[in-house]
Amino acid sequence: LSQHFAISGPCIVVSATCASGAVAVALAAQQLLMGAADIMLVGGADAPLNPMMVAQLNASGVLGHHEEPARTCRPFDLTRNGLCLGEGAGFIVMESLRSAEMRVMKPLAKLTGWSMRTAGRAAVGAGGETLARTMRDTLKMAQLSPEEINYINAHGTGTVMNDEAEVRAIRKVFGEGKCPPSSSTKPVTGHCLGATPVLEAIICIEALRHQVIPPTANCFAPEYSLDLVPLRSRRAAMENVLSSSLGFWGKQACLLFGHFG
């Protein structure tokens with residue numbers, strides 16, 4: 001892309017497993033804050049629908065199944081048994097407010113916080129401790145309290161371990177009975193691995209723009225008491241939305257987007 005569009009400045013390829021897209025967004029924000037660039041084109045792309053990748057994921061036991069293929073991915077559902085692999089790409093233009101004002105462009109949203117961590121193990125910890133810390137760091141950067149978050153776009157892969165750990169992390173940060181609405185959009189997009197965080201960043205931005213919370217499709221029998229927005233979208237007044245991303249080998253990242261009034 002940099003060669004095709006003759007783009008100069010920082011050019012980085014990020015590999016952080018399924019958190020790659022979120023880490024790319026965070027690194028781009030850092031370049032903007034350091035003054036290394038005024039505008040950054042940042043995104044993620046992944047094409048894992050090939051026999052070798054499918055075989056590896058199948059061997060690891062994370063691929064889901066259902067007699068109705070459209071219900072393969074069932075995040076936070078009692079019957080969940082794995083993810084549904086997808087592929088795709090998403091890109092966003094990030095720039096400083098000064099640059100946007102010079103171009104007379106109104107931003108679609110603002111990135112107010114982010115954090116990147118690794119759990120130091122092969123998979124997400126069952127207790128969600130590292131993800132909880134990543135969420136808290138993100139809130140701290142944005143100078144927001146947990147009560148000010150209106151929606152969480154959860155990683156929500158539909159695997160037993162991931163969903164359990166993520167729910168525990170959300171409860172640690174926001175408190176039992178105080179958690180904001182949280183949903184997973186992976187039943188619709190599929191799990192596009194490294195591209196997923198940017199796709200979900202775009203979903204968060206669109207949720208803010210349209211003031212609509214996307215649903216958790218296929219969540220017919222929620223296992224948890226959280227507000228998982230099952231099956232149907234919902235209109236809601238939103239100022240701040242959080243997106244969480246978890247990957248193999250403990251890679252984790254969170255992004256926080258604010259409504260641009």
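Within the stretch 237-245, can one find any residue that is farther than 28 Å from T17 by Cα and either open to solvent by 10 Å² or more (accessible area, probe 1.4 Å) or not in a loop (DSSP other than H, G, I, E, B) (or both)?
Just the residues of the stretch 237-245 that are farther than 28 Å from T17 by Cα, to begin with: 237-239.
Filter again for either open to solvent by 10 Å² or more (accessible area, probe 1.4 Å) or not in a loop (DSSP other than H, G, I, E, B) (or both), leaving 237, 239.
Yes, the conditions are met somewhere in the stretch 237-245.
Residues that are at pLDDT 95 or above and in a helix (DSSP H, G or I): does the stretch 74-82 have at least one? Spell out the reasoning first.
Taking the stretch 74-82 first, the residues at pLDDT 95 or above are 74-82.
From what's left, in a helix (DSSP H, G or I): none.
Checked against the condition, which is being at pLDDT 95 or above and in a helix (DSSP H, G or I), the stretch 74-82 yields no hits at all.
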* Asked: Hey, E176 hits all of (1) closer than 12 Å to L246 by Cβ; (2) at pLDDT below 95 but one; which does it fall short on?
  -> (1)
* Asked: Tally time: how many residues in the stretch 111-160 are over 17 Å from the mean Cα position of the chain (by Cα), without any contact (Cβ under 8 Å) to a residue 40 or more places away in the chain and in a helix (DSSP H, G or I)?
  -> 3
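For (1) within 16 Å of L83 (Cβ to Cβ); (2) aliphatic (A, V, I, L, M), each residue gets a yes or a no:
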site	(1), (2)
C192	yes, no
I205	no, yes
Y224	no, no
A237	no, yes
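What residue, among those in the stretch 246-261 that are over 18 Å from A126 (Cβ atoms) and in contact (Cβ under 8 Å) with a residue 40 or more places away in the chain, is farthest from the chain's Cα centre (by Cα)? Reasoning before the result, please.
Within the stretch 246-261, the subset over 18 Å from A126 (Cβ atoms) is 253-261.
Those still in the list that are in contact (Cβ under 8 Å) with a residue 40 or more places away in the chain too: 253-260.
On the way: A253: 8, C254: 7, L255: 7, L256: 10, F257: 11, G258: 15, H259: 17, F260: 20 Å.
Per the stated criteria, the residue is F260.
Could you tell me whether A26 is part of a strand (DSSP E or B) and of a type in the set (A, V, I, L, M)? Show your work before the answer.
Working: part of a strand (DSSP E or B): no; of a type in the set (A, V, I, L, M): yes.
Answer is no for this residue.
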* Structure fact -> Apart from one, (1) surrounded by fewer than 24 Cβ atoms within 10 Å (Cβ to Cβ); (2) under 16 Å from the mean Cα position of the chain (by Cα) all hold for Q211; the odd one out is (2)
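The values are calculated or read from the model by the stated rules, or taken from the named source; none is laboratory data. What you are looking at is a predicted structure, and each value in this text was computed from that prediction instead of being measured. Please note: Cβ atoms are built from the backbone with ideal geometry, for glycine as well, and neighbour counts cover all protein chains shown. All accessible areas refer to the heavy atoms of the entire protein, side chains included, with ligands and DNA or RNA removed. Shrake-Rupley method; radii C 1.70, N 1.55, O 1.52, S 1.80 Å.
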